[in-house]
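Step one of this worksheet: look at the structure below.
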Amino acid sequence: MIIIGLTGGIGSGKSSVARYLEEEGFPIIDADRVGHELLDSPSIQDAIVALFGNEVLEEGTISREKLGMRVFADTSLRNQLNALLHPLIKEEIARWCAQQYEQGNTTVVVEAALLREEEGSDPWLSGLILVLSTEENRVARLVTKRNMSEEESRSRIKAQVDPDTKIPRADWIVYNDGDFEHLKEQTARMALALRALGNAAPPTD
C-alpha cells in the first residue's frame, strides 16, 4: 500500500492541496480532524482538563479555541498535549488505512502538520508532499480565513517547526504563492506522479 504524507505549516494551504487530491480520486484523512473528534471522548476530555484546568472548557466541553491559545503559548503544554493525542491519532490513521486497503484503495494521503519532523521519523510513509508558502502569504490567509490577528498568526507560525527544514526529507514540494489555478496545476501533476507510483508498487499481501 502507498501511504503519502501531506504536510506544511499553518496557513500554507495544505488543506487546499488535500481537497484537490481528493477531487483527483485519492482518499484523504486529516489528522487534525481526527484529533478534534478525539476531543469528544470523555476520557480524553478528563485528561485534558487534568492538564490544562477548567478554563479550556466551554459549556462542559473542550473549547478548541481556548485549548489552542494555551498550547501555542506554552511549548511544554503543547508537547504534553501532543504526547496525549498523537499515539491515538496514529492508531486511528492505521485503522483507516487498513479499511481503505480492504476497499481496494491502494494509494492514500494522510494530511498532518507533524510528519517527518526529524530524519528517520514516520518510516511508514511511502513519500511526503511538502507545501511551502511565504510567511506573509501564510499570515494573510490566517487573517482572512481564520479571523486571526496578525500578531496571533505570526505567533502560531513561529510555534511550529520551520517547514524549510523538511525540504531534504520531502519527496515532492508544492509552492503555494500563486493563484488557485497554479496550485491546482501543481496538484494535478502530483496526482499523475502518485498514480505512477501506485502502478509501479508491488502488490501487498
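FYI, it's all coordinate maths here, none of it is from the lab. Here the structure is a predicted model, which is why all the values come from computation and not from measurement. Counting neighbours? That spans all protein chains shown, and the Cβs are built from the backbone with ideal geometry, glycine included.
Applying the criteria of a DSSP loop state and at most 12 other Cβ atoms within 10 Å to the trypsin sites (Lys or Arg not before Pro) of segment 77-175 yields 146. Once the Cβ-Cβ distance of residue 155 and residue 33 is raised to the sixth power relative to R0 = 25 Å, the FRET efficiency obtained is 0.60.
Distance from the C-alpha centroid of segment 129-205 to that of segment 4-45: 13 Å, rounded to the whole angstrom. Hey, any idea what Rg/Rh is for segment 79-119, computing Rh the Kirkwood way over Cα pairs? So for segment 79-119, dividing Rg by the Kirkwood Rh gives 1.05.
Taking R0 as 35 Å, what FRET efficiency do you get between residue 78 and residue 177 from their Cβ-Cβ distance, rounded to the nearest 0.05? Computed FRET efficiency for residue 78 and residue 177: 0.80.
Using only the alpha-carbon atoms, how far is helix 14-23 inclined from the longest principal axis of the chain? Give it as 0 to 90 degrees, nearest 10. Roughly 40 degrees between the two axes. Legend: Rg and Dmax of segment 116-205, from Cα coordinates, 16.1, 51 Å.
Here the spin labels are modelled as points 7 Å beyond Cα on the Cα-Cβ line, and at residue 103 and residue 164 they lie 4.0 nm apart. Put one equal scatterer on each alpha carbon of segment 31-104, apply the Debye formula with no solvent term, and list log10 I(q)/I(0) at q = 0.11, 0.24 1/Å to two decimals. Computed log10 I(q)/I(0) values: -0.31, -1.11. If only the Cβ of Lys and Arg carry +1 and only the Cβ of Asp and Glu carry -1, the dipole of segment 31-104 around its Cα centre is close to 240 debye. Over 15 Å, how big is the tail of the calculated P(r) for segment 101-161, in percent of all Cα pairs? Counting pairs separated by more than 15 Å, the tail of P(r) holds 63 percent. Both radii are taken from the alpha-carbon atoms of segment 17-143; with Rh as the Kirkwood radius, Rg/Rh is 0.99. Entry note, the chain: relative contact order of 39 percent, from Cα contacts under 8 Å with a spacing of 6+ residues. Which GluC sites (Glu not before Pro) does segment 104-154 hold that lie in a coil by DSSP with at most 13 other beta carbons within 10 Å? Here the GluC sites (Glu not before Pro) that fit, given the DSSP loop and packing criteria, are 118, 119.
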